[in-house]
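Have a look at the structure below, then the notes.
The values are calculated or read from the model by the stated rules, or taken from the named source; none is laboratory data. As the structure is a computational prediction, the values presented were derived from the model and not from experiment. With ideal geometry, Cβ positions are generated from the backbone for all residues, glycine too; neighbour counts draw on all protein chains shown. Quick note on the areas: whole protein, heavy atoms, side chains included, nothing else; ligands and nucleic acids left out. Shrake-Rupley method; radii C 1.70, N 1.55, O 1.52, S 1.80 Å.
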Amino acid sequence: MIYVIGGPTGSGKTTLAIALAKAWNAPIINADAFQMYQELNIGTNKEILMMRPFKPFLFDEVSPLENLSVAIYQQRFRKLIQTLLPKHPRIIMVGGTGLYMKASLYDFEFAPQQINPDSSKFDAFDNAQLHAYLATLDLEASQKIHHQNRRRVMRAIAILESTGKTKSEQEKTQLKTLLYPATFVGILPQREWLYEQLDKRVDVMFKQGLLEEVKSLVGKYGDTLLAFQAIGYKETIAYLNGKTTLGEAIQKIKQSTKRYAKRQITYFRHQLPMKWYRTWEEAFEALKA
RNA sequence: GGAGGCUUAGCGAAGCGGCCAAACGCAGCUGACUGUAAAUCAGUUCCUUCGGGUUCGGUGGUUCGAAUCCACCAGCCUCCA
């Protein structure tokens with residue numbers, strides 16, 4: 001059985017995961033996009049997990065130079081789970097990236113290879129035109145994707161161009177079934193309290209040396225890595241480049257973190273069959289038996 | 001003490017007599033989500049029993065009609081003393 005622990009950042013998912021791992025002697029699989037990157041430590045809150053016995057799989061194992069994606073995560077997860085399932089009656093999966101969980105646990109199928117659309121040939125199209133073009137290729141997909149969401153429109157076009165199949169055809173072959181036995185557990189603290197904790201956590205990150213971490217990473221790799229999309233990193237980089245003051249950067253990080261938490265809540269609420277608990281302790285009591 | 005300017009929804013800011021419950025931006029709230037997901041995108045934000053009801057510093061006035069014009073009061077700002 002895979003125990004999937006979701007919820008907003010700062011809710012205590014990780015603490016719960018470790019408590020359960022101890023109680024069950026179970027392995028933990030990380031499902032957090034940015035915690036997969038090595039060297040992004042303080043800003044991605046990896047600290048508690050670094051401790052040896054509970055260090056999760058799919059965690060802290062990819063160079064920041066790489067461009068991760070759902071498909072890569074899914075592939076690694078599927079491979080890993082094959083080796084873990086026979087050996088462990090209980091496996092814990094924790095993280096904040098709901099899509100990664102969903103794509104791994106359900107029968108999502110991605111194109112076999114990374115599609116590198118040369119989007120440049122559509123530069124002349126505005127969003128509405130691009131969307132209209134998609135409608136001529138894959139009406140169904142175009143109806144589901146908002147025309148302003150250029151990234152997704154582009155992707156749908158790219159799928160067709162490189163696989164010969166439309167995005168909606170591809171998705172139709174999937175049944176949306178769960179591939180492994182899994183239970184979904186969510187932690188959803190009271191909003192106001194959570195936001196307070198998140199604000200505090202940002203201050204702590206800076207005390208722990210986030211600024212130095214970012215500086216050294218930028219020195220090593222430059223400032224354009226995909227991994228620097230992470231909250232805490234992009235804002236700090238903006239500060240280092242003189243675009244904002246440090247105070248502004250910190251405010252921005254606090255704000256983005258809270259917005260992110262909200263998006264996570266929405267995702268888990270509507271995209272996965274969570275059973276919710278107010279605190280990690282409550283969840284632990286309910287599950288440990 | 002004298003001269004002038006300003007006051008609009010949570011904040012910033014348009015509006016300068018009817019088309020104004022009031023553009024736009026920010027922030028907030030809600031939501032979408034199948035290869036960037038800590039990303040990308042959308043909707044929504046005075047109250048409402050959805051008929052309507054109360055707003056544009058305050059009070060009073062002009063007008064068929066006022067956020068828009070006038071008077072007085074209050075607060076803020078600039079310049080001169």
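Side notes on the structure shown:
- Checking each residue in the stretch A:85-108 for being of a type outside the set (Gly, Ala, Ser), part of a loop (DSSP other than H, G, I, E, B) and near RNA strand B (Cβ under 6 Å from one of its atoms) picks out A:Thr97, A:Phe108.
- Matching option when the condition is without any contact (Cβ under 8 Å) to a residue 12 or more places away in the chain, in a helix (DSSP H, G or I), under 26 Å from A:Gln170 (Cβ atoms) and more than 8 Å from RNA strand B (Cβ to nearest atom), among A:Gln82, A:Gln74: A:Gln82
- On inspection, A:Thr163 fails the criterion of being β-branched (Val, Ile, Thr), near RNA strand B (Cβ under 10 Å from one of its atoms) and open to solvent by 60 Å² or more (accessible area, probe 1.4 Å).
- The stretch A:242-267, residues that are closer than 17 Å to A:Lys215 by Cβ and buried (at least 18 other Cβ atoms within 10 Å of the Cβ): A:Ala249, A:Ile250, A:Ile253
- Among the residues of this structure, A:Gln129 does not count as one that is open to solvent by 30 Å² or more (accessible area, probe 1.4 Å), closer than 28 Å to A:Phe34 by Cβ and at pLDDT below 95.
- Filter result (closer than 20 Å to A:Arg191 by Cβ and either β-branched (Val, Ile, Thr) or out of contact with any Lys or Arg (no Cβ under 9 Å at 6 or more places or on another chain) (or both)) within the stretch A:268-289: A:Phe268, A:Arg269, A:His270, A:Met274, A:Lys275, A:Tyr277, A:Arg278, A:Thr279, A:Glu281, A:Glu282
- In the set (1) touching a helix residue (DSSP H, G or I) at 6+ places or on another chain (Cβ under 6 Å); (2) among the polar types (S, T, N, Q); (3) under 21 Å from A:Leu217 (Cβ atoms), A:Ser63 fails one condition alone, (1).
- Boolean, A:Arg52 is surrounded by fewer than 18 Cβ atoms within 10 Å (Cβ to Cβ) and either touching a Pro at 6+ places or on another chain (Cβ under 9 Å) or without any contact (Cβ under 8 Å) to a residue 12 or more places away in the chain (or both): yes
- Of all residues in the stretch A:137-146, those that are open to solvent by less than 90 Å² (accessible area, probe 1.4 Å), within 19 Å of A:Phe122 (Cα to Cα) and more than 8 Å from RNA strand B (Cβ to nearest atom) total 4.
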